[in-house]
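K.L.:
Structure incoming, see below.
The values are calculated or read from the model by the stated rules, or taken from the named source; none is laboratory data. As the structure is a prediction and not an experimental result, all values here were calculated from the model. So basically every Cβ, Gly included, is an ideal-geometry build from the backbone, and we count neighbours across all protein chains shown.
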Amino acid sequence: MDVFVFVLAIIIITTIAGLIKEQMKQRRKMDNAAGADQQARIDKLEERVATLERILTDDKSQLRQDIDALRHG
C-alpha cells in the first residue's frame with residue numbers, strides 16, 4: 001500500500017469519526033432540551049392535579065368562601 005493512500009485513509013477515517021462524534025453531541029443536546037420541556041410540563045400538571053385534589057377534599061364552605069373572595073377580590 002502506498003504511503004499516500006495510507007495517510008489519506010487515516011485522514012478520512014478521523015474526519016468521519018469527528019463528524020459522528022459531533023452529531024452524537026448535537027443529538028444529546030436535543031434530548032436534554034426535550035427532557036427539560038417534558039419535566040416543566042409534568043411540574044405544571046402536578047400543580048394542577050394538586051389544586052383539583054384540594055378542591056375535592058376541602059370543606060365545601062371553605063371552597064365557597066375562596067370562590068367568593070376571588071369574585072369580590
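K.L.:
How many of the residues making up the range 63-73 are surrounded by 10 or more Cβ atoms within 10 Å (Cβ to Cβ) and either modelled with pLDDT of 80 or more or in contact with an Asp or Glu (Cβ under 6 Å, 6 or more places away or on another chain) (or both)?
P.N.:
Within the range 63-73, the subset surrounded by 10 or more Cβ atoms within 10 Å (Cβ to Cβ) is 63-68.
Subset that is either modelled with pLDDT of 80 or more or in contact with an Asp or Glu (Cβ under 6 Å, 6 or more places away or on another chain) (or both): 64-68.
Result for the range 63-73: 5.
K.L.:
As an exercise: evaluate F4 against (1) surrounded by 10 or more Cβ atoms within 10 Å (Cβ to Cβ); (2) over 33 Å from the mean Cα position of the chain (by Cα) and give the number of the one condition it does not meet.
P.N.:
(1)
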